[in-house]
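Note sheet for the following structure.
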Amino acid sequence: MMNWGTLVPEGLGALRRQQDLGLAAAVRYFNDAAVPGLGALWFPAPLVWSVLAVSLAEDAGRSALPIGNAIEALAMLQCAKESNPRLRGSRKLQNVEDVSFKNLSRRGVYVVQPFRMGMVQPLVALGFVHGSRYGAFRLAGAGQRMLNLPEVSRWRQALSAWVKGAKPGKDLAGLSPLAALPQSVCKLIKARTLEGAGADDQAAARRRALVQLGKGPSASALKSEEPLPGLTIEHWRDLRAGAALVELRDLGLEVLRGVEDVLRKRADDALKPRIAPDEMPETVLARVSVLRARVEENLPRLESVGETDSLRYAQDCLNAPRDVILRLAERDGSVICLRDGQLMPGPAAGDLRPDHASVNGDMITPAAQAEEFAPQLYRLRNLHCLMEELVGRPNPASPDFPSRRASL
């Protein structure tokens, strides 16, 4: 499922991740309208790893993809095996002893979805690179300024030697995801996040307005048609509509989970795991009723923006219960599918296991949402986490991370 641009946790099935009800484009639209340019950025280290990777790739005349993966894997290998949202590859890297660039850049050595994948948008939006594909990125002005910082320059020299065959030295310890970045690096990233390309940068203005709020907006605040101080009417409309869409998308998925439970029970009872929409039990119809009621309540939010995919989905959910279930199954087709008028398991249903853990198809949410932030728009909290760390305070997503006393 696509949920505001997060990467899926390591090890989850790829097909199940695509259960987005055909709303991926709408989610991306509202995602970037809410917090433009942030991508999967919630702590700054992956941005630095990527700038270094692009720089080394330019010198070598090769793609930045394997270099970015190798740098990130090397950074992870410097950390003790512990539970921390900054760490990935605990299983993949468990028995890796060869830390050479040749080995760590091999396909399959590191995780399928590294932090690098979530850096494509912020690298471009914050002015660190030019291009649209990670493998073809070229350094931009802000990226070159980062490389000119003394600490980053030393890291680049050490990594360049590593790429050419040298062993990684202790001077690369600062690239660990559990190490605090130098103030000079944090100042640059903070400036690019808040100021962007200058006074006319509307994306930066939206990020800046959210940061100036301190926290929020919360789900309760978004019920009001009046924007919070500092936010424009247009930005507020986008925030309210985006939160409404994600809530309605999740309620639609809850209906399908109810159908999945019914099919699983039939399989447990040695019956064929299929059912006609007209035979759906009350437990599923009750979920449809909740969905329809929330659509009626939230439709004005979507209409105020006019994004067509979200409006089409909302209209589908206002039909008769039987038709709502049919349309949801047609939109899904991965976990639940419709065949010959019957609802049955799709190709991603697996063994119809009852564990319905929430799956995010874009990036990892670093921690449970605080009440101050609307849970549908977790980029709001990600921006807050990033800025807290950039100014030297503990990152709320990883409170044990070392903070700096000096304010930037």
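The values are calculated or read from the model by the stated rules, or taken from the named source; none is laboratory data. Model, not experiment: these values are computed from the prediction. Cβ sites come from the backbone with ideal geometry, for glycine too, and all protein chains shown count toward neighbours. Surface areas here come from the heavy atoms of the whole protein model, side chains and all, with no ligands, DNA or RNA. Shrake-Rupley method; radii C 1.70, N 1.55, O 1.52, S 1.80 Å.
Close amide H pairs (under 5 Å, H built 1.01 Å from N) link C337 with M344, G346, residues at least 5 positions away or on another chain. Tally Lys and Arg at +1 and Asp and Glu at -1 over the other residues with C-beta under 13 Å from the C-beta of R287: what net charge comes out? Value of the local net charge: -2. Close amide H partners of L139, meaning residues 5 or more places away or on another chain with modelled amide H under 5 Å apart, are H130. Each Lys and Arg Cβ is given +1 and each Asp and Glu Cβ -1; about its Cα centre, the chain then shows a dipole of about 1580 debye.
Taking a ≥ b ≥ c as the square roots of the eigenvalues of the Cα gyration tensor of the stretch 290-329, is the shape rounded (a/c under 1.5), prolate (a/b larger than b/c) or oblate? Intermediate values should be presented prior to the final figure.
Working: a/c = 3.25, a/b = 1.59, b/c = 2.03.
Oblate shape, in that a/c is at least 1.5 and b/c is the bigger or equal ratio.
3J(HN,Hα) along the stretch 321-333: x, 4, 5, 4, 5, 4, 5, 5, 5, 5, 5, 7, x Hz, from the Karplus curve 6.51 cos²θ - 1.76 cosθ + 1.60 with θ = phi - 60°, whole Hz, x for Gly and Pro.
Give the accessible surface of the chain per residue, rounded to a whole number of Å², with probe radius 1.4 Å and ligands, DNA and RNA excluded. Please list the in-between numbers first.
Values: 17950 Å² over 408 residues.
Value for the chain: 44 Å² per residue.
So if R0 is 45 Å, what FRET efficiency would E82 and E254 give, r being the distance between their Cβ atoms, rounded to the nearest 0.05?
0.85
Backbone phi angles across the stretch 84-91, fed through the Karplus curve with coefficients 6.51, -1.76 and 1.60 (θ = phi - 60°), yield HN-Hα couplings of 7, x, 7, 9, 10, x, 4, 8 Hz in residue order; Gly and Pro are listed as x. Against the set (i) 0.96; (ii) 1.36; (iii) 1.06, the structure's computed Cα Rg over 2.2 N^0.38 Å falls on (iii). A dipole drawn for the chain from +1 and -1 charges on Cβ atoms has a positive end, and of S220, G174, L343 the residue lying farthest that way is G174. Taking a Cβ cut-off of under 11 Å around L311, the surrounding Lys, Arg, Asp and Glu residues balance to a net charge of -2, with basic ones at +1 and acidic ones at -1. Farthest toward the positive end of the dipole of the chain, out of L263, S160, V284, is the Cα of S160, where the dipole comes from beta carbon charges about the Cα centre. Counting Lys and Arg as +1 and Asp and Glu as -1 over every other residue whose Cβ lies under 15 Å from the Cβ of R156, the net charge comes to -1.
Using 0.36 nm per residue and subtracting the Cα-Cα separation, the extra length available between S224 and E297 on full extension is 25.0 nm. Would you list, by chain and number, the aspartates and glutamates whose Cα falls below 15 Å from the Cα of K215, excluding same-chain residues fewer than 8 positions away? Counting by Cα, and skipping residues close in sequence, K215 has these aspartates and glutamates nearby: E371, E372, E388, E389.
Ligands, DNA and RNA left out, the accessible area of the chain computed with a 1.4 Å probe is 49% carbon and sulfur.
Dipole orientation for the stretch 13-155: of the candidates L65, P36, Q94, Q94 has the Cα lying most toward the positive pole (charges on Cβ; Lys, Arg +1; Asp, Glu -1).
Estimated purely from DSSP H runs of n ≥ 4, each contributing -39500 (n - 2.57), the mean residue ellipticity at 222 nm for the chain is -15000 deg cm²/dmol once divided by its residues.
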